[in-house]
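The structure appears right after this line, and notes come after that.
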Amino acid sequence: MSRDIEYRFHQQIYSCKRCSLWQNTKHAVIGEGPLDAQVMIVGQNPGADEDETGRPFVGRSGKYLTKTLAEYGIHREHIYITNIVKHISPKNRKPYPNEIATCLPYLQEQIRIIQPKIIVLLGTSAKETPRVEGIRYFEIIHPSAAMRFTKMREKFRKQIVELSEQIKQL
Ligand code: URA
């Protein structure tokens, strides 16, 4: 993708008012990582730290995710990481279905540009990500739930182990 097109795509998201979520937010959080990443991670939507910085998964659950992935040899700098919805929601509630549907074209474009081999879907909202033939999808517990509940944490770790096995085979 040329820098110009990338710039225009990003500007479109930064100034997006397609749903009402942009109100009372500081930043749209587009995503980050190499544009030729083989693995893409899709979360729910930004939290307070992400809204503040404009970067995905930099708060508590993001740090926990990054650390757990690294323990199994998956390094964040090799992954493109984004969310199904690009703005924080009021009181951090789950995005509504209409907000997800409205924001989806941005994620679809990101998938088209990056063409990852694996897409990791974190939590229930991310499951709405459209499926593209030839891409493997991996549904994993959201790290914020894994942080809170022991049972979930154990399952989360097992899922990351499985993911690391899949990545090794790429
Ligand atoms: N939770 C998410 O789903 N995404 C983020 O970027 C941060 C927390």
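None of the figures in this text is laboratory data; all of them are computed from the coordinates on show. Since the model is a prediction, treat every value here as computed from it, not as a measurement. So basically every Cβ, Gly included, is an ideal-geometry build from the backbone, and we count neighbours across all protein chains shown.
Here the range 18-83 yields Rg over Rh of 1.00, to two decimals, using C-alpha coordinates and the Kirkwood radius.
Look at the alpha carbon pairs under 8 Å that are at least 6 residues apart: their mean separation over the length of the chain gives a relative contact order of 25 percent.
Here the Debye sum runs over all C-alpha atoms of the chain as equal scatterers in vacuum, and log10 of I(q)/I(0) at q = 0.14 Å⁻¹ comes out as -0.69. Close amide H contacts of GLU139 (hydrogens built in the peptide plane, cut-off under 5 Å, sequence separation of 5 or more or a different chain): LEU121.
A Förster radius of 41 Å combined with the Cβ-Cβ distance from GLU6 to GLU133 puts the calculated FRET efficiency at roughly 0.95. Loop-only check: which trypsin sites (Lys or Arg not before Pro) in the range 4-102 are DSSP coil with at most 16 other Cβ within 10 angstrom? Answer in residue order: LYS17, ARG18, LYS26, ARG93.
Checking the Cα-Cα distances for LYS26/LYS151; LYS26/LYS67; LYS17/LYS127; LYS26/LYS155; LYS91/LYS117 against a 32 Å cut-off, the pairs over it are LYS26/LYS151; LYS26/LYS155; LYS91/LYS117. Put simply, the amide H of ASN83, placed in the peptide plane, has neighbours under 5 Å in GLY43, leaving out anything fewer than 5 places away on its chain. Computed from backbone phi with θ = phi - 60° and the Karplus coefficients 6.51, -1.76 and 1.60, the 3J(HN,Hα) list for the range 22-35 is 4, 5, 6, 10, 9, 9, 6, 10, 7, x, 8, x, x, 6 Hz; x is used for glycine and proline. Derived scalar couplings between HN and Hα for the range 78-95 equal 9, 10, 8, 10, 8, 9, 6, 10, 8, 10, 5, 9, x, 6, 6, 5, 5, x Hz in order, rounded to whole Hz, by the Karplus curve 6.51 cos²θ - 1.76 cosθ + 1.60 (θ = phi - 60°), x for Gly and Pro. Membrane-span-like helices in the chain, defined purely by DSSP H runs whose alpha carbon atoms cover 24 Å or more axially and whose average Kyte-Doolittle hydropathy reaches -1.0, are 97-114.
Note on ASN92 and THR25: the extension gain reaches 23.0 nm, defined as 0.36 nm multiplied by sequence separation minus the Cα-Cα distance. Can you give the local net charge around ALA126? Use residues other than it whose beta-carbon is closer than 14 angstrom to its beta-carbon, Lys and Arg +1, Asp and Glu -1. Charge balance in the 14 Å sphere: +1.
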